1. Tell me, please, whether a residue that is under 30 Å from LEU338 (Cα atoms) and either surrounded by 10 or more Cβ atoms within 10 Å (Cβ to Cβ) or touching a Ser or Thr at 6+ places or on another chain (Cβ under 7 Å) (or both) can be found in the stretch 264-283.
2. Which residues, taken from the stretch 122-179, are of a type in the set (Asp, Glu), out of contact with any helix residue (DSSP H, G or I) (no Cβ under 8 Å at 6 or more places or on another chain) and modelled with pLDDT of 85 or more?
3. Take the conditions surrounded by 11 or more Cβ atoms within 10 Å (Cβ to Cβ), part of a loop (DSSP other than H, G, I, E, B), among the polar types (S, T, N, Q) and touching a residue at least 60 places away in the same chain (Cβ under 8 Å) and apply them to THR325. Does it pass?
4. Any idea which of GLU280, GLU251, GLU305, GLU314 is at negative phi, in contact with an Asp or Glu (Cβ under 9 Å, 6 or more places away or on another chain) and charged (D, E, K, R)?
5. Mind listing whichever residues of the stretch 121-157 are over 24 Å from TYR225 (Cα atoms), of a type in the set (D, E, K, R) and either free of Cβ contacts under 8 Å to residues at least 40 places away in the same chain or not in a helix (DSSP H, G or I) (or both)?
6. Does any residue of the stretch 86-98 turn out to be closer than 30 Å to GLN190 by Cα and in contact with a Leu (Cβ under 7 Å, 6 or more places away or on another chain)?
7. Quick one: GLU305 ticks every box in (1) surrounded by 10 or more Cβ atoms within 10 Å (Cβ to Cβ); (2) farther than 18 Å from ARG336 by Cα; (3) of a type in the set (Asp, Glu) bar one, so which box is it?
8. Only residues that are in contact with an Asp or Glu (Cβ under 7 Å, 6 or more places away or on another chain) and either surrounded by fewer than 13 Cβ atoms within 10 Å (Cβ to Cβ) or modelled with pLDDT of 85 or more (or both): list them for the stretch 64-86, please.
Amino acid sequence: MSSLPINHPLLTAGRRLAQFVLSPLGAVTMVAACLAVAATSYTVDQTEQVVITQFGRPVGSAINAHDGPDGAGLHFKLPFIQTAHTLDKRILEWDGPPSEMPTRDKLYVVVDTFARWRIADPLKYLQSLRDERSAVSRLDDIIGSETRNVVARHDLIEMVRSDRERVVTLEAALPDPNGGQSLARLPPIQFGRRELEREILAAAAPKVTLWGIELLDVRVKRLNYRSGVIDKIYDRMISEREQIAERFRSEGAGEAAKIAGRKEKELRQIESDAYRKEQEIMGEADATASGVYAAAYASSPRAAEFYAFTRTLETWRQTLDRDATLVLTTDSELFRLLKRIEPAPAAAGPSAPAAGGPAAPAAGGPDAPAAGGPDAPAAGGPDAPAAGGPDAPAAGGATAP
């Protein structure tokens, strides 16, 4: 390819343009051209929406406000006459200041709320608010006022519990001294905090549409109690815990009393059964002994007399000692053996020993001769003192053995 001649028109035009640009007039012209382009063009980001105003009044529709051909990209306007106002298209955050407000049950709480909103109508928003700071100020008023109204219409429990469907583990019911709701059982939840947040959103959303704002959501970030309310709540919690502890102690004492009662009942039952068994055994033993005694007593007349004799001696052993003093009549049966001894019946043979064995003494004492022996004086003989005579000691006297 051949090079262009030096006097070619294109080369000549280029040299003249370079000389013009490098000249002072050319520099001024280039700067003016750049300013003109900057004044007549603007770019719109995907996260922005633009409203064009001419002498302060909106012209046309908002750019990139909705999906359509007039969206993000490079756009042009009249320089120095029209102004492009850029607004955020994204979801914006509102974080309100904590506010103290009363509930329906006259308890003061500090509610801290936050919300999410966006610019739904850029033209109306620009005409009424102009900037985001004014919008936040209006949201403070509207959302704060509606939050106060909703909280004042409900009890504190509705704000504390997030959902009425939530299942809460409750203590056993404690009786209320005033006859009302149990202190340990929570009152029924009709709405819950989620429903209250929806009420706040439903009440505030129509009011902010006047400014071209769409309120998307309102939530309670934090719920605090006032200092006096906190003390009352703590006192109530302490009282409830004390009542529950007292109920547990009373139930424990009741169970202990029941156990002690059962123990005492079982112990008495065991003692009663043992006593009954003992009495049965003793009764059987007494019956057996009585049968043996009766059989021995009825075996012969001498056995009956011997039984009477042994029982009399046993009675003396148990009732008489050195210091015993008895006052009895002369015909008392107690000292019958001391007053007289009945003679023994005659033996069957001349050399038969007395009843009771060859060496057995006669009844009445170890030194007494056998009843009816050759040396024994006749009963009532001249040498025998008369029963109750002057030399016989008085029955039951002081010298009676």
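1. No, the conditions are met nowhere in the stretch 264-283.
2. ASP131, GLU132, ASP140, ASP141, ASP155
3. Against the criterion (surrounded by 11 or more Cβ atoms within 10 Å (Cβ to Cβ), part of a loop (DSSP other than H, G, I, E, B), among the polar types (S, T, N, Q) and touching a residue at least 60 places away in the same chain (Cβ under 8 Å)), THR325 does not qualify.
4. Working: GLU280 fails: in contact with an Asp or Glu (Cβ under 9 Å, 6 or more places away or on another chain); GLU251 fails: in contact with an Asp or Glu (Cβ under 9 Å, 6 or more places away or on another chain); GLU314 fails: in contact with an Asp or Glu (Cβ under 9 Å, 6 or more places away or on another chain).
Within the list GLU280, GLU251, GLU305, GLU314, the selection yields GLU305.
5. Answer for the stretch 121-157, where residues must be over 24 Å from TYR225 (Cα atoms), of a type in the set (D, E, K, R) and either free of Cβ contacts under 8 Å to residues at least 40 places away in the same chain or not in a helix (DSSP H, G or I) (or both): ASP121, ARG130, ASP131, ARG133.
6. Looking through the stretch 86-98, at least one residue is closer than 30 Å to GLN190 by Cα and in contact with a Leu (Cβ under 7 Å, 6 or more places away or on another chain).
7. Going through the list (1) surrounded by 10 or more Cβ atoms within 10 Å (Cβ to Cβ); (2) farther than 18 Å from ARG336 by Cα; (3) of a type in the set (Asp, Glu), GLU305 breaks only (2).
8. Selection gives THR86 alone.
The values are calculated or read from the model by the stated rules, or taken from the named source; none is laboratory data. Source: prediction; values computed, not measured. Please note: Cβ atoms are built from the backbone with ideal geometry, for glycine as well, and neighbour counts cover all protein chains shown.
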